[in-house]
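Report on the structure given below.
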Amino acid sequence: MKQKLVIIGNGMAPGRMLEHLLESDPDAYDITIFNAEPRVNYNRLMLSPVLSGEKNYEDIITHDDAWYAKNSITLHKEEPVETIDRASKTVTGKSGITAGYDKLVIATGSNPIMIPLPGADLDGVLTYRDLDDVERMVRASRAMRHAVVIGGGLLGLEAAAGLKMQGMDVTVVHLADYLMERQLDQSAAHLLERAFAQKGVAVHTSANTKEIVGDAGKVAAVLLDDGTRIEADIVCMAVGIRPSVDLAKRAGLDVHRGIVVDNNMRTSDADIFALGECVEHQGECYGLVAPLYEMAKVIADNLLEGASTYAGSVTATKLKVTGVDLYSAGDFADGENREEIVLRDANAGIYKRLVLQDNKIIGAVLYGETLDGPWFFDMLKKGADVSSMRDTLIFGQAFQGAEPLDPMAAVAALPDDAEICGCNGICKSTITDTIVSKDLSTLDDVRAQTKASSSCGTCTGLVEQLMALTLGDAYNPNAVTPMCACTDLGHSDVRRLIKTKNLRSIPAIQQELEWKTSNGCAKCRPALNYYLISDWPGDYADDYQSRFINERVHANIQKDGTYSVVPRMWGGQTSSLELRTIADVVDKYNIPTVKVTGGQRIDMLGIEKEDLPAVWADLGKAGFVSGHAYAKGLRTVKTCVGTDWCRFGTQDSTGLGVRIEKFMWGSWTPAKVKMGVSGCPRNCAEATCKDVGVICTEAGFEIHFAGAAGLDIKGTEVLGSVKTEDEALEYIVALVQMYREQGHYLERIYKWAKRIGLDEIRSQIMDQPERRKAFFDAFVYSQKFAQVDPWTERVSGKDKHEFNPMATLTLEAAE
Amino acid sequence: MTIATGNWVAIGNISDIPELGSRRVMAGKKTIAVFRTGPSEVFAIEDSCPHKGGPLSQGIVHDGCVTCPLHNWVISLSTGEAQGADEGRAKTYPTMLDGETILLDAQALT
Ligand code: SRM
Ligand SMILES: Cc1cc2nc3c(=O)[nH]c(=O)nc-3n(C[C@H](O)[C@H](O)[C@H](O)COP(=O)(O)OP(=O)(O)OC[C@H]3O[C@@H](n4cnc5c(N)ncnc54)[C@H](O)[C@@H]3O)c2cc1C
Ligand code: SF4
Ligand code: FES
């Protein structure tokens with residue numbers, strides 16, 4: 001019978017261990033994992049980009065449900081283990097699930113330290129450890145303004161930068177004299193503090209927090225020892241971590257600061273291993289992934305009857321904050337017998353310091369330019385004698401021998417065994433050999449095949465350079481589809497950068513993102529205009545010259561240069577007054593064609609451009625507004641007659657349709673949005689092929705989305721069911737807002753949903769009330785500026801130049 | 001409006017045209033599209049796309065070209081030439097700026 005392996009904790013370390021184990025012998029064990037978090041395994045290092053909005057949760061998943069299924073691993077989510085019974089060799093989770101083991105791996109990670117300050121238990125005091133924390137912070141950033149981060153170490157600074165990027169006012173309160181005092185020296189910390197000040201993050205050093213002041217159970221301010229009071233809606237406590245050892249302690253294992261292991265990573269019980277941040281090995285506990293990955297390899301081997309040993313690790317640190325380049329490794333305190341080499345370039349904001357002892361590098365701090373970090377670290381770990389290049393050492397590797405400081409030359413000059421990816425311990429030749437032997441051409445492939453740059457991602461640049469060196473011209477770093485020929489960036493990049501770089505006009509985007517053309521093209525300008533309208537409602541002034549003609553003049557151009565006019569008929573309902581007005585307008589302006597559209601309303605076609613304002617003026621008198629039949633925006637909400645008349649009707653489908661249309665008209669969206677509301681599952685309003693649809697039932701409202709019936713045909717997916725009309729409206733609005741914020745220009749809802757994942761959308765809209773509310777509120781806010789009838793505006797004189805010729809020449813003189 | 005100064009006819013003020021925008025000038029049976037590509041840069045071109053006669057005055061203006069509103073041909077404003085793989089040419093007309101006044105060569109209209 002197969003041996004049983006149970007793992008407690010599903011973090012990064014056991015994820016890596018399983019990969020080694022499955023690669024060597026996929027059939028050795030029946031594997032069961034208990035995880036306290038309610039999800040699969042993800043890259044914890046990348047939480048900061050998720051917090052700042054530069055990445056999504058999906059982007060950072062390392063092992064998805066399919067992976068566990070494929071490898072027949074049982075994963076109990078949201079099931080923290082409460083007891084280990086070593087006598088019967090079983091573990092039991094919170095809800096009572098019990099599993100027996102032959103071998104057990106404890107990988108419970110660590111817990112954030114909570115200083116027991118007065119007020120530490122207030123609502124709004126958070127820590128920074130897992131995705132739930134990130135979601136809490138992102139939610140807070142949408143509704144609130146002031147954030148205080150206690151702790152100016154690696155985590156605190158990443159949290160501060162992320163919260164700032166989410167638009168909060170952020171203050172960092174740090175106990176020591178300078179930031180990151182464990183990894184930096186004072187000069188580098190000064191540059192770092194300045195960089196944060198430039199980002200608009202206030203930093204208080206030598207600041208001891210006395211109390212967190214509350215108001216009605218919620219955080220209100222942070223009070224320092226010196227009396228300073230800092231406004232706060234949330235407080236993020238990032239003062240350090242403590243190995244999570246309670247469970248092991250209760251099981252009677254040897255525990256000091258961490259769970260004590262021997263060189264084979266065994267605890268005091270030979271059948272129980274410990275792995276990751278919860279471990280103490282030779283008196284050391286680690287808080288970075290590189291050592292944990294080494295441990296993971298050792299355990300995988302020992303689980304398969306091997307005997308490899310772990311010898312401890314030296315670690316290097318990089319800060320992952322966009323725009324801040326920082327690398328540090330080793331020991332760089334001043335001391336006897338130590339010499340230092342310093343290089344500064346104030347203009348470029350560069351500071352580099354190496355600490356030497358006995359002609360060997362023992363510490364390195366680099367700020368502003370970190371390319372040589374891995375090279376110095378490599379020599380540090382090997383204890384290389386640097387006396388022969390002592391004088392030029394600080395200028396970096398490229399300087400040794402070759403003169404130009406060309407980064408490509410520097411990478412080319414690295415020895416084969418130079419470490420490129422510190423997290424995963426991957427050296428240069430492993431990467432270049434794999435590129436050749438497996439015929440890899442994209443960064444993602446290299447990540448998948450070698451693990452290099454798959455953890456914290458800071459070595460991505462080096463890996464790309466290696467790819468360029470190995471593949472030559474065959475390497476195309478921009479495998480993402482660019483928006484258009486004016487840029488190499490894809491839509492997602494551009495949307496992200498608009499937010500993170502706070503870009504608020506088309507010229508600002510083109511400048512900052514280095515557009516290759518002076519003013520873009522007909523592909524990118526309308527897209528950028530939409531992104532800006534969607535991202536900065538009320539602030540960005542619509543650029544009409546960047547709109548297609550239909551949206552510029554609020555009518556649809558026809559093949560002969562005339563226009564069509566489609567007024568709104570809310571939910572497809574009309575009246576004698578409306579019909580009579582249309583009849584009169586058709587007569588008065590000699591409109592050649594009147595047609596009932598596929599969208600339950602009436603189209604008047606063949607109108608001269610000059611006549612448009614007059615036609616609208618007449619229509620406006622009967623209360624007609626634009627039907628936006630030309631817009632990447634809300635088009636139609638088709639309805640059926642519902643309970644008003646139909647013998648099968650279960651709800652007021654007409655009323656709901658009208659309500660949705662009146663709530664949402666005028667909004668701009670990435671592509672057009674069409675909806676339908678049917679009063680029963682017979683579905684006469686064809687709601688199940690719309691972008692968003694509703695099927696009414698006796699029990700309430702079934703909300704559908706992601707249908708298509710144009711170029712593609714596709715039935716809708718069910719988003720979920722709600723009981724009341726108010727809820728239906730809220731959920732639909734939230735869904736559309738999520739799409740407005742994430743969709744690529746011209747990407748219909750069904751395509752967006754395919755890209756983002758149906759489950760993710762369901763989870764955010766159906767299961768996360770705060771998130772839903774935030775989307776809803778954002779939509780309502782933007783409608784304040786969008787719900788202005790464009791026809792009325794033009795009747796009153798707006799954009800007059802659009803409708804009249806500039807001049808009419810009589811050409812006697814020339815004829 | 002007919003203010004003939006030699007062959008040059010004044011057709012309006014530069015500020016009548018939005019930057020990266022255009023206006024139409026009616027001249028008998030012809031419609032001329034007058035484009036403004038910069039603070040003081042104007043071009044005049046027949047308002048008819050070499051593809052299927054689309055009204056170029058209604059297109060998006062970018063980098064010295066206009067994209068036709070009907071099927072996205074890109075037409076150079078200075079030469080009237082279709083760009084890329086498409087072939088065809090729209091007639092162009094000389095223009096001049098006198099201070100802020102836009103002048104069109106009336107001779108070329110006949
Ligand atoms: C008028 C109308 C046809 C009719 O006589 O019934 C119509 C007319 C046009 N449709 Fe449509 N579509 C009309 C209903 C539809 C429908 C049916 C519906 O809405 O229930 C569909 C299928 C559903 C859908 O939207 O996918 C439809 C799918 C399309 C498509 C394909 C879109 C797609 O992503 O698959 C296009 C092309 C596009 O948008 O790029 C299109 C484009 C057009 C344009 C705007 C073509 C253009 O760019 O000039 C036509 C404008 C004519 C005009 O000036 O009015 N029309 N079009 C309908 C107006 C509805 C309204 O009241 O607003
Ligand atoms: C925001 C952030 C940024 C970071 N950046 C970097 C970086 O740039 N570079 C770097 O090297 N390191 C970084 N780290 C540190 C790195 O993420 C950790 O060292 C690493 O994730 C630890 O892995 P682990 O498997 O030991 O523990 P974890 O990944 O913490 O996993 C432990 C898991 O066990 C679960 N668990 C705990 N108790 C139980 C129980 N009783 N039963 C079941 N499950 C339990 C926990 O919920 C958790 O999911 C960062 C950490 C954070 C939080
Ligand atoms: S959807 Fe149902 S209720 Fe509505 S008209 Fe059709 S059959 Fe009647
Ligand atoms: S008419 Fe201009 S592109 Fe077809």
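In the stretch A:555-660, one over the average inverse separation of all distinct C-alpha pairs is 14.6 Å, which is the Kirkwood hydrodynamic radius. Can you give the log10 of the normalised intensity I(q)/I(0) at q = 0.10, 0.15, 0.16 Å⁻¹, computed with Debye over equal Cα scatterers of the stretch A:183-315? Rounded to two decimals, the profile gives -0.56, -0.85, -0.88.
Ordered by packing density, taken as the mean number of other Cβ atoms within 10 Å over each peptide's residues, highest first, how do A:322-330, A:223-231 rank? Walk me through the numbers before you get to the answer.
On the way: A:322-330: 20.4, A:223-231: 13.9.
Sorting A:322-330, A:223-231 by mean packing, highest first, produces A:322-330, A:223-231.
A cut-off of 5 Å between modelled amide H atoms, ignoring neighbours fewer than 5 places along the same chain, links B:G12 with B:I102.
The mean sequence distance of close C-alpha pairs (under 8 Å, at least 6 residues apart), as a share of the length of chain A, puts its relative contact order at 7 percent.
Pairs of Cα atoms nearer than 8 Å and 6+ residues apart set the relative contact order; for the stretch A:108-201 it is 22 percent. Note on A:558-564: average number of Cβ atoms from other chains within 10 Å of each residue's Cβ is 3. Chain A gives an Rg/Rh value of 1.03, both radii derived from C-alpha positions and Rh following Kirkwood.
Please state the equivalent ellipsoid semi-axes for the stretch B:33-74: what are the square roots of 5 times the Cα gyration tensor eigenvalues, largest first, in whole Å? Numbers along the way, then the final one.
Details: eigenvalues 66, 21, 9 Å².
Working from the Cα gyration tensor, I get semi-axes of 18, 10, 7 Å.
Mean partner shielding of peptide B:26-32, defined as the number of other chain Cβ atoms within 10 Å of each residue Cβ, is 4.
With axes computed from alpha carbons, what is the tilt in degrees of helix A:12-24 against the longest principal axis of chain A, rounded to the nearest 10 within 0 to 90? Between the helix axis and the principal axis of chain A, the angle is about 80 degrees. Charge dipole (Cα centre; +1 on Lys/Arg Cβ, -1 on Asp/Glu Cβ; no other charges) of the stretch A:9-157 amounts to roughly 440 debye. Listed values for the stretch A:339-350 are Karplus-derived 3J(HN,Hα) couplings in whole Hz (6.51 cos²θ - 1.76 cosθ + 1.60, θ = phi - 60°), namely 10, 10, 10, 10, 10, 10, 9, 5, 4, 7, x, 10, and x replaces Gly and Pro.
Just the number: Rg to Rh for the stretch A:631-748, Cα atoms, Kirkwood Rh, two decimals. Intermediate results must be reported in sequence, preceding the final value.
On the way: Rg = 13.2 Å, Rh = 13.9 Å.
With Rg and the Kirkwood Rh in hand, the quotient comes to 0.95.
Considering only DSSP beta bridges where both residues belong to the protein assembly as shown, give the percentage that are antiparallel (nearest 5). Before the final figure, lay out each step's value.
Working: 109 of 155 bridges.
That works out to approximately 70 percent antiparallel.
Only DSSP H runs of four or more residues enter the estimate; each adds -39500 (n - 2.57), and after division by the residues of the protein assembly as shown the mean residue ellipticity at 222 nm equals -8500 deg cm²/dmol.
Counting only alpha carbon atoms, the long axis of helix A:653-664 and the longest principal axis of chain A meet at about 70°. Cross-link pairs exceeding 31 Å between alpha carbons, from the set A:K523/A:K754; A:K352/A:K438; A:K360/A:K438: A:K352/A:K438; A:K360/A:K438.
Can you sort A:R647, A:R794, A:R748, B:R24 by 1.4 Å-probe accessible area, starting with the largest? Working shown, then result.
On the way: A:R647 200, A:R794 10, A:R748 60, B:R24 30 Å².
Result, largest first: A:R647, A:R748, B:R24, A:R794.
Hey, what D do you get for chain B in µm²/s if you plug the Kirkwood alpha-carbon radius into Stokes-Einstein at 37 °C and 0.692 mPa s? Each step should come with its number before you reach the end.
On the way: Rh = 13.8 Å.
D, rounded to a whole number, is 238 µm²/s.
One decimal place: the segment A:E305-A:A448 gains 48.7 nm when fully extended, by the rule 0.36 nm per residue minus the C-alpha distance. Taking amide hydrogens as placed 1.01 Å from N in the peptide plane, the amide H of A:I362 sits under 5 Å from those of A:V355, A:L356, A:Q357, each at least 5 positions away in sequence or on another chain.
Taken residue by residue and averaged, Cβ atoms of other chains lying within 10 Å of the Cβ of B:7-13 number 3. Taking amide H as placed 1.01 Å from N in the peptide plane, the amide H of A:C421 sits under 5 Å from that of A:I426, each at least 5 places away or on another chain.
Once the Cα atoms are used to define both axes, helix A:289-303 deviates from the longest principal axis of chain A by about 70 degrees. Computed on protein heavy atoms with a 1.4 Å probe, the accessible areas place A:H76, A:H190, B:H62 in the order A:H190, A:H76, B:H62, largest first. Counting Cα-Cα pairs of the stretch A:430-563 in 5 Å increments starting at 0 gives whole-percent bin shares of 2, 9, 15, 15, 13, 11, 12, 8, 6, 4, 3, 1, 0. Taking only alpha carbon atoms, the stretch A:681-815 gives an Rg to Rh ratio of 1.21, where Rh is the Kirkwood radius. The phi-based Karplus calculation (6.51 cos²θ - 1.76 cosθ + 1.60; θ = phi - 60°) puts the 3J(HN,Hα) values of the stretch A:492-508 at 4, 4, 5, 4, 5, 5, 4, 6, 6, 9, 6, 8, 10, 8, 4, x, 5 Hz, whole numbers, x for Gly and Pro. Sequence-ordered 3J(HN,Hα) estimates for the stretch B:19-34 from the Karplus curve with 6.51, -1.76 and 1.60 and θ = phi - 60° stand at 4, 6, x, 8, 9, 9, 10, 8, 9, x, 7, 8, 10, 9, 9, 10 Hz, glycine and proline given as x.
The values are calculated or read from the model by the stated rules, or taken from the named source; none is laboratory data. Note that this is a predicted model, so its numbers are computed, not measured. Here the Cβ is made from the backbone with ideal geometry for all residues, glycine too, and neighbour counts use every protein chain on show. Areas reflect the complete protein model, heavy atoms only, side chains present, ligands, DNA and RNA absent. Shrake-Rupley method; radii C 1.70, N 1.55, O 1.52, S 1.80 Å.
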